[in-house]
Amino acid sequence: MTQHYSETIKQHYHHPLNSGKLDNADFVAEQVNPLCGDETKVYIKFIIVENSRGRGNFPQSDLVIQDISHETRGCMICVASASAVSEYARGKKLSEIKKLGIKQISKLLNVQISSARASCANLIHAALKKLG
């Protein structure tokens, strides 16, 4: 069976963005895909941004991803997804990134992700959701 990958996936796989360990990370999480053995480790540095949308007169804080990196070993979809999601996440609120789904990841990779490969594409997102 021949597998066709988008140029976006090929680029992210052969030249993954944000790959490697991030020193002094505020958060580190690992995730393994039990179906195939793909694995990722994600490192994040946060900044806290105060906003005025809190309840009553109390300010509410948002965690914003200042920097992010990953160490990912796995299939082309898994590595490409980690690269694309990590690049997309920089500068965004954690609450926004935690809402990512397979549709958004598919858009980042410029390809339709089949249900059989969804666990590969979602691996970095599963690690990010460990933040709570």
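Values in this text are rule-based calculations from the coordinates and carry no lab data. Everything numeric here is computed off the predicted structure, so don't read it as measured data. No Cβ is skipped: glycine too gets one built from the backbone with ideal geometry, and neighbour counts run over all protein chains shown.
Give the aspartates and glutamates reachable from Lys130 as a straight Cα distance under 14 Å; neighbours fewer than 8 places away on the same chain don't count.
Asp26, Glu30
Identify which of Lys93, Lys107, Lys21 has the largest mean-square fluctuation in a Gaussian network model of the chain, with springs joining Cα atoms closer than 10 Å.
Evaluated over the chain, the most mobile residue of the options is Lys107.
List Leu17, Leu131 from most exposed to least, where exposure is judged by having the fewest other Cβ atoms within 10 Å.
Ranked by crowding around the Cβ, least crowded first: Leu131, Leu17.
What residues qualify as long-range amide H neighbours of Ala29, i.e. H under 5 Å apart, gap of 5 or more or another chain, H built at 1.01 Å from N?
Val42
Normalised by the number of residues in the stretch 79-131, what is the relative contact order in percent for Cα pairs under 8 Å and 6+ residues apart? If you can, show how the numbers build up before the last one.
On the way: 32 pairs, mean separation 25.7, N = 53.
Over the stretch 79-131, the number comes to 48 percent.
Order these peptides, 5-15, 79-89, 62-72, 40-50, by their mean beta-carbon neighbour count within 10 angstrom, highest first.
79-89, 62-72, 40-50, 5-15
Measuring from the lowest to the highest alpha carbon on each principal axis, how far does the chain reach, largest first, in angstroms?
60, 29, 26
Residue by residue, what Karplus-based ³J(HN,Hα) values in Hz, rounded to whole numbers, does the stretch 122-128 have, using 6.51, -1.76 and 1.60 with θ = phi - 60° and x for Gly and Pro?
After applying 6.51 cos²θ - 1.76 cosθ + 1.60, I find 8, 4, 5, 5, 4, 5, 5 Hz.
Simple spin-label model, 7 Å along Cα-to-Cβ: Ala126 to Leu35 in nm?
Computed distance between label sites Ala126 and Leu35 equals 0.9 nm.
Against the longest alpha carbon principal axis of the chain, how many degrees, from 0 to 90 and to the nearest 10, is the axis of helix 76-89 turned?
The helix 76-89 is inclined about 20 degrees to the chain.
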